[in-house]
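The values are calculated or read from the model by the stated rules, or taken from the named source; none is laboratory data. Treat the numbers as computed from the prediction; the structure is a model and nothing was measured. Glycine gets a Cβ as well: all are built from the backbone with ideal geometry, and neighbour counts include every protein chain shown.
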Amino acid sequence: MHPSLYHIVLWSIYASAAATFASLLFVSAPYGRYARGGWGLALKPRWAWLAMESPSFLAMLLMASLGHGRGSVYLVFLAMWEFHYAYRSFVYPFLIRDAGKKDFPAALIALAIAYNLANAYVNGYALFDGPRVYSASWLADPRFVAGALMFCAGFATHASADAILRGLRKPGDGAYLIPHGRAFRLLSCPNYSGEILEWCGFALATWSAAGLSFAVFTVANLLPRALSHHRWYRETFPDYPRERRAVLPFLL
C-alpha cells in the first residue's frame, strides 16, 4: 500500500465530492422517487444496496488484516466502520419492501462500488497502514469521545428514520406518504442527517484527512438529495408541515 497511491486516491475523492455536489444540486440521481428511463440495466433495490455497500464492509476487513495497526483503538475504529456497513450491507437491504419500488440503475451501482472501494482504501490505509500511530490514550481524547458520540447518535438517527419510512408502506404498496414521529417532527430527511452526523463523527474520532474526505463526500452526496426531497414533499403534499427543514433543524 504505497503512500503516493493513497494521496492520489484521497485527492480524487475530494475532487469527486466537489463534482458530485455541483451536479446533484441541479439533477437528482435517478433512483427512488427520481427514477427515470434511459439508464440501461437495473436491479431491484434490495440487491442494488447489497452490491453497493458490501464492498466497503469487505474491503475494510482486508485493509485491517494487511495493515500493521494493532491494539484497542484500531479495533474500535474497525468496529465502528463494520457495524455501520454490516447494517447497510446485510440488514437494511433485506428490510426493504421491494414491491412497488423502481429498479436501481446498474450504472449508479458501478459508480457507488468504485467510490466505496476507494473510500475503504484511503480510510483503511490511514488507520491501519499509514504513519499515524494511535495509542490507547486516544480513546480518552476529547476529539475521539465527541466523534464517537456523534457517530452513535448519527447511526441511531438514520436507522430510526429508516424504520419509520419502511412502516409507511404496506406490503406491495409503492406509494409515498408523509413520515411522522421522532426526528421527522423537525426534518424531512433525518435518515440523511443521521448519516452525515455519523461520518462527521468518524472524521473527528479518527482526526484524519481520509475520515474528513468521507464526511465531505457524504455531505456532497446527501445534502442535495435531502434538499430535493424537501422540495418534493412541499410540492406534492399541500398539508406538509411548514416547520420542517431538510437536514438541519430550524436552519436548513
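Take the conditions closer than 30 Å to ALA19 by Cα, of a type in the set (D, E, K, R) and either touching a residue at least 60 places away in the same chain (Cβ under 8 Å) or surrounded by fewer than 21 Cβ atoms within 10 Å (Cβ to Cβ) (or both) and apply them to LYS170. Does it pass? Here the answer is no, as LYS170 does not meet what is asked. Take the residues in region 201-252 that are in a helix (DSSP H, G or I) and among the hydroxyl-bearing types (Ser, Thr, Tyr), then tell me which one is surrounded by the fewest Cβ atoms within 10 Å (Cβ to Cβ). Filtering first and then ranking leaves THR236. Among residues of region 47-66 being free of Cβ contacts under 8 Å to residues at least 60 places away in the same chain and over 19 Å from ASP129 (Cα atoms), the one that is surrounded by the fewest Cβ atoms within 10 Å (Cβ to Cβ) is TRP47. Candidates ALA99, ALA126, ALA136: the one that is modelled with pLDDT under 95, farther than 27 Å from TYR176 by Cβ and surrounded by fewer than 21 Cβ atoms within 10 Å (Cβ to Cβ) is ALA136. Might you check whether a residue that is in a helix (DSSP H, G or I) and either in contact with a strand residue (DSSP E or B) (Cβ under 6 Å, 6 or more places away or on another chain) or polar (S, T, N, Q) (or both) occurs anywhere in region 176-190? Taking every residue of region 176-190 in turn, none turns out to be in a helix (DSSP H, G or I) and either in contact with a strand residue (DSSP E or B) (Cβ under 6 Å, 6 or more places away or on another chain) or polar (S, T, N, Q) (or both). Can you confirm whether region 52-61 contains a residue that is of a type in the set (A, V, I, L, M), closer than 23 Å to HIS229 by Cβ and within 20 Å of the chain's Cα centre (by Cα)? Yes, some residue in region 52-61 is of a type in the set (A, V, I, L, M), closer than 23 Å to HIS229 by Cβ and within 20 Å of the chain's Cα centre (by Cα). Applying a threshold of 9 Å to beta carbon distances and a minimum spacing of six or more residues, or different chains, the list of pairs starting in region 11-35 at a residue that is under 13 Å from LEU227 (Cα atoms) and part of a loop (DSSP other than H, G, I, E, B) and ending at one that is at pLDDT below 95 and of a type in the set (Asp, Glu) is empty. In region 97-151, the qualifying residues are those that are assigned to a helix (DSSP H, G or I), among the aromatic types (Phe, Trp, Tyr) and over 17 Å from the mean Cα position of the chain (by Cα), and the one that is nearest to PRO3 (Cα to Cα) is TYR125.
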